[in-house]
Amino acid sequence: MQFTDSPSNYQDHEYSSDDFDADWVPNPHGKFQQNQAPPSTGLISIIKSGSLDSLLTNPWLVSIFIATVISILIASIAAIILGQRSTELTPEQETQQALLQKSQNLEASDTNFREYVTRNDYSSGMVSNPGLLQAAVLEASARYRNRIVASQNNLQNQAYNQHEEVINYGSEIEALKRINLGASGKEAELRYIDPSTDLWVTIPLDSAELAASGLVKLNIISNSRRETTQRFDLITIVQNTRKALTEIKNTRVEALRVKGLAPVALQLEKTDWFGNTTNPQGAEISDYQQDKPEPKPRKPQQSNFPPKPTKEENNEQ
């Protein structure tokens, strides 16, 4: 387009509508707007118009909405069915799952029992939360200390008028002998009178058990040096031990049944912790009364049994 010096066709700075076609309209910011899109029709025009009635009555939109709802329902039902199928287990899977659960329960019971046996309260004064072994060791250390005092005041005893640390040192030497014998592969024997038969029973001790007994003896001697002497009832200790073992026994019986070893489980149920055969209910409550004393060994009826150690022999030990 060329510009001439002819008088301007513009009046009052306004463009004449005759100079431009309908598709080319000046923009107020100095730019030019391209061809505009044709007016919207159909669903778009209805949405722009903001007429809700038109949206609800539009057959095309209603059909899409209904199809979407049906698709969601079908997908939900399919997910529920697949979830139900995934939770259904075969008999073999149910057995394996039950076996795994019982095995985990048994392992947890065994772990809890080991913690109960070996738990130690390291308080410098009176202990309040000892395990079974620590309670027995503390009771043994109190008795050991009493024996030392008695031997120091006994004219017939080799430890008469000796310092307690000299006596302790001799006891530690004897305890270390047990550990050394166990380390060299030597075995020992535990002998006692069975109260149910009045007969002597001999139980072999493996070399490792012999070494363990020496370590327990050293623990007893060490605890005898505590400033405070604490006593524990051995009957209560053994009753608590039986209760803890019974919990493990019940869990083990369940695990054996799941493994298909019902006869073994029944045999455990019918035998109590005294070795007596009884019904399962009686085996669970045998001699748990706090006021019932433990059975004491009776003298053997046969004369060929070796005599029990005398008090003097015990003091020497």
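Rule-based calculations on the coordinates, nothing more; no lab input. Here the structure is a predicted model, which means the values were calculated and not measured. Counting neighbours? That spans all protein chains shown, and the Cβs are built from the backbone with ideal geometry, glycine included.
One table, with the values for the structure above:
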read-out: Relative contact order (percent, whole number), region 54-194, Cα cutoff 8 Å, 6+ residue spacing; value: 8
read-out: In nm, spacing of pseudo-spin labels at Arg231 and Leu155 (7 Å Cα→C-beta vector); value: 2.9
read-out: Net charge, Tyr116 excluded, C-beta distance under 14 Å - Lys, Arg +1, Asp, Glu -1; value: 0
read-out: Residues with amide H under 5 Å from that of Ile193, placed H, sequence gap 5 or more; value: Val201
read-out: Total formal charge among the other residues, if their Cβ is under 10 angstrom from that of Gly131, Lys/Arg +1 and Asp/Glu -1; value: 0
read-out: Shape call, region 78-152: gyration tensor on alpha carbons, a/c limit 1.5; value: prolate
read-out: Sum of side-chain charges, Glu187 neighbourhood, beta-carbon under 10 Å (Lys, Arg +1; Asp, Glu -1); value: -2
read-out: Percentage relative contact order, region 163-281, counting C-alpha pairs under 8 Å, at least six apart; value: 18
